[in-house]
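Everything below concerns the one structure shown next.
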Amino acid sequence: AHMNENKEFVLVGGGNAAGYVAHAFVENGIADGRLCIVSKEKVAPYERPALSKAYLFPLDKSPARLPGFHTCVGSGWERQTPDWYKEKGIEVLYDTSVSGLDISLGTLSTKAGGTIKYSNLIIATGSTATRLPEAVGGSLPGVHYLREVEDADSLVSSWQEASKVVVIGGGYIGMEVSAASVSWKLDTTVVFPEKYVMPRLFTPAIAHHYEEFYKSRGVKFEKGTSVKKLVAGTSGRVARVELTNGKVIDADTVIVGVGAKPNVIPFLQAGLKSLEGGIQVDGQFRTSAPGIFAIGDVAAFPLKIYGRTARVEHVDHARKSALHFANVLTHKTTDPYDYLPFFYSRVFEYPGSERKLWWQFYGDNVGDTVEIGDFNPKYAAFWLVSGRIKGVFLESGSPEVKFLCCCFFFGLCLS
Ligand code: FDA
Ligand code: NAD
């Protein structure tokens, strides 16, 4: 159906980066009739972080639902509903999965057998949740993964019937989903192999504060162990979780958050160069093939301030890489992307919650740490190398504190 007609800009992916590219193309007057978005999802791009936050509020606490959080509301900009795309002359092919790329022909092939011809291609396919193998029970009914709005809907419907929940993984998904699960007053246990939560980012001291807070809200932890098997009951639905340490936990609902993988297979098979498991790009998001760009989770880009290549799986980078790419394309800048990594999380923020947690992190978590504050409510950690600040972590940081941290980075420490 979409055959033959050549499209000037084709963007594959309908997520955070896609929504922000659409915004920037409209701002620059290059959207109308020139941009086509090809998305595997059935809905217009939305602010994905909401799926593990306001989407999972208890049903009597006004949970977020679409169209409420279409991009670019996360930046306080206009909400891009499906009608917005129509009004702006942006074609969106929903429910369309790209399965192949032919660089020499300049064509994409779709899973449904279609062909899309492009002049310029932007790859923004994000990541997929890593699944536990089928042999371990990773596909049993009652076992959930969380990446897209359909996954969140399916989890919410399980929680309406649930009583015992096991969350596998002590990373971002594990922390956010377990906080939501206890706010639904469900018996909740988090299982992970490391010594403490969020080991990729937190220090033992930071993790201790969060674990104690979570325990005070009813979350149980099984640390230093992993899943041996998810076992079904007589109904076929998951009924218990067998751990490698020999323990067995009853569960009617399991959420797996054991990491994500970038969606790059058709593009790497077509011959684009790969780095860090993603698609190699330069500071202007150009891949190894002319006219093909990659942004967001899939892009392995030069992280200028640290002199290394990085792939960043966080929304701030998805947004900023999209905007920088559009600025390069429209000759507003010739500068390479100069990114200061920024991640955050918010939990227990449903209406009426006694206390919400809200942390933010800037920079790189390397070197020695200095920690300040008692977590009641504020707390800060600084990572230092040879007396220079490399990373800052803030819990409940005010805008003034954030401003100071940015000054440290840009003015004092990295010059
Ligand atoms: P994104 O994943 O948003 O979009 C990719 C799009 O491509 C999807 O629409 C997908 O369906 C589509 N697609 C994939 N393959 C395709 C194909 N072959 N053909 C067509 N379409 C295809 N970050 C943060 O900083 N703070 C936070 O609080 C959170 N919270 C959070 C919660 C949850 C539940 C998740 C899953 C993730 C987060 N993140 C986050 C991470 C953040 O959401 C993520 O880094 C960005 O969404 C990345 O944006 P992209 O556009 O690169 O991918
Ligand atoms: P993650 O990498 O943050 O955490 C994975 C965790 O899984 C590890 O910490 C480890 O504890 C655990 N693990 C790994 N293998 C395991 C096993 N076999 N059994 C038990 N535990 C195991 O990944 P995630 O939390 O799944 O997040 C997925 C993606 O979503 C990432 O790209 C992440 O950046 C993104 N995300 C970001 C945010 C945020 O920035 N606030 C929130 C949610 C999701």
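The values are calculated or read from the model by the stated rules, or taken from the named source; none is laboratory data. For clarity, every value in this text was computed on a predicted model and none was experimentally measured. Because the Cβ atoms are built from the backbone with ideal geometry, glycine has one as well, and the counts that use them run over all protein chains shown.
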If you go through Gly138, Gly106, the only one that is over 28 Å from Pro49 (Cβ atoms), in contact with a Lys or Arg (Cβ under 8 Å, 6 or more places away or on another chain) and touching a residue at least 24 places away in the same chain (Cβ under 8 Å) is Gly106
Filter the range 332-357 for residues that are farther than 21 Å from Lys185 by Cα and hydrophobic (A, V, I, L, M, F, W, C); the one that is farthest from ligand 1 (Cβ to nearest atom) is Leu340
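Out of the residues in the range 93-152 that are among the basic types (Lys, Arg) and more than 13 Å from ligand 2 (Cβ to nearest atom), which is surrounded by the most Cβ atoms within 10 Å (Cβ to Cβ)? Break it down stepwise before answering.
As a first pass, look at the range 93-152 and keep what is among the basic types (Lys, Arg): 111, 117, 131, 147.
Those still in the list that are more than 13 Å from ligand 2 (Cβ to nearest atom) too: 111, 117.
On the way: Lys111: 12, Lys117: 16.
So the residue we want is Lys117.
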Based on what the data block shows, is Ala162 surrounded by 22 or more Cβ atoms within 10 Å (Cβ to Cβ), at pLDDT 95 or above and either within 17 Å of Pro63 (Cβ to Cβ) or within 16 Å of ligand 1 (Cβ to nearest atom) (or both)? no
Members of the range 326-347 found to be more than 14 Å from ligand 2 (Cβ to nearest atom) and either charged (D, E, K, R) or in contact (Cβ under 8 Å) with a residue 60 or more places away in the chain (or both), listed by number: Ala326, Asn327, Leu329, Thr330, Lys332, Asp335, Asp338, Leu340
Residues satisfying the stated conditions in the range 208-219, i.e. farther than 12 Å from Ser178 by Cβ and without any contact (Cβ under 8 Å) to a residue 12 or more places away in the chain: Glu212, Ser216
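Residues being under 20 Å from Ser75 (Cβ atoms) and either in a loop (DSSP other than H, G, I, E, B) or over 27 Å from the mean Cα position of the chain (by Cα) (or both): count how many of those fall in the range 1-21. Spell out the reasoning first.
Residues of the range 1-21 that are under 20 Å from Ser75 (Cβ atoms), as a first pass: 11, 13-21.
Restricting the remaining residues to those that are either in a loop (DSSP other than H, G, I, E, B) or over 27 Å from the mean Cα position of the chain (by Cα) (or both) gives 13-15.
Summing the residues that are under 20 Å from Ser75 (Cβ atoms) and either in a loop (DSSP other than H, G, I, E, B) or over 27 Å from the mean Cα position of the chain (by Cα) (or both) in the range 1-21 gives 3.
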Quick one: would you say Val241 is of a type in the set (A, V, I, L, M), over 27 Å from the mean Cα position of the chain (by Cα) and modelled with pLDDT of 95 or more? no
In the range 270-277, is there at least one residue being surrounded by 16 or more Cβ atoms within 10 Å (Cβ to Cβ), away from ligand 1 (no atom under 16 Å from the Cβ), among the charged types (D, E, K, R) and modelled with pLDDT of 95 or more? no
Can you name the condition, by its number, that Arg200 falls short on among (1) at pLDDT 95 or above; (2) within 16 Å of ligand 1 (Cβ to nearest atom)? (1)
Condition first: among the charged types (D, E, K, R) and in a strand (DSSP E or B). Now tell me which residues in the range 90-108 satisfy that. Glu91, Asp102
Can you tell me which residue is nearest to ligand 1 (Cβ to nearest atom) among those in the range 109-135 that are free of Cβ contacts under 8 Å to residues at least 40 places away in the same chain and in a loop (DSSP other than H, G, I, E, B)? Lys111
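Test Ala24 against the criterion of being at pLDDT 95 or above, part of a helix (DSSP H, G or I) and either surrounded by fewer than 23 Cβ atoms within 10 Å (Cβ to Cβ) or of a type in the set (D, E, K, R) (or both), and give yes or no.
Values: at pLDDT 95 or above: yes; part of a helix (DSSP H, G or I): yes; either surrounded by fewer than 23 Cβ atoms within 10 Å (Cβ to Cβ) or of a type in the set (D, E, K, R) (or both): yes.
Against the criterion (at pLDDT 95 or above, part of a helix (DSSP H, G or I) and either surrounded by fewer than 23 Cβ atoms within 10 Å (Cβ to Cβ) or of a type in the set (D, E, K, R) (or both)), Ala24 qualifies.
Inspect all residues belonging to the range 35-46 and state whether any of them is assigned to a strand (DSSP E or B), within 16 Å of ligand 2 (Cβ to nearest atom) and within 13 Å of Tyr85 (Cβ to Cβ).
Checked the range 35-46: at least one residue is assigned to a strand (DSSP E or B), within 16 Å of ligand 2 (Cβ to nearest atom) and within 13 Å of Tyr85 (Cβ to Cβ).
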So Glu47 clears everything in (1) in contact (Cβ under 8 Å) with a residue 12 or more places away in the chain; (2) over 26 Å from Val281 (Cβ atoms) except one condition, right? Which one? (2)
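Sort out which residues of the range 154-190 are aromatic (Phe, Trp, Tyr), within 15 Å of ligand 2 (Cβ to nearest atom) and closer than 18 Å to Ser353 by Cα, and write them in order of number. Can you show your working first?
Of all residues in the range 154-190, those aromatic (Phe, Trp, Tyr) come to 159, 172, 184.
Okay, now just the ones that are also within 15 Å of ligand 2 (Cβ to nearest atom), so 172.
None; the set is empty.
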For Lys390, all conditions in the list (1) basic (Lys, Arg); (2) surrounded by 19 or more Cβ atoms within 10 Å (Cβ to Cβ); (3) in a loop (DSSP other than H, G, I, E, B) hold save one; what is the number of the exception? (3)
Has the range 34-44 got any residue that is on the phi > 0 side of the Ramachandran plot and surrounded by fewer than 19 Cβ atoms within 10 Å (Cβ to Cβ)? no
Taking the range 138-191, which residues are small (Gly, Ala, Ser), closer than 18 Å to Gly259 by Cβ and not in a helix (DSSP H, G or I)? Gly138, Ser139, Gly169, Gly170, Gly171
Do you know which of the residues in the range 303-315 that are surrounded by fewer than 19 Cβ atoms within 10 Å (Cβ to Cβ) and within 16 Å of ligand 1 (Cβ to nearest atom) is farthest from the chain's Cα centre (by Cα)? Ala310
Residues within the range 278-302 that are of a type in the set (Gly, Ala, Ser), in contact (Cβ under 8 Å) with a residue 24 or more places away in the chain and more than 12 Å from ligand 1 (Cβ to nearest atom), tallied: 4
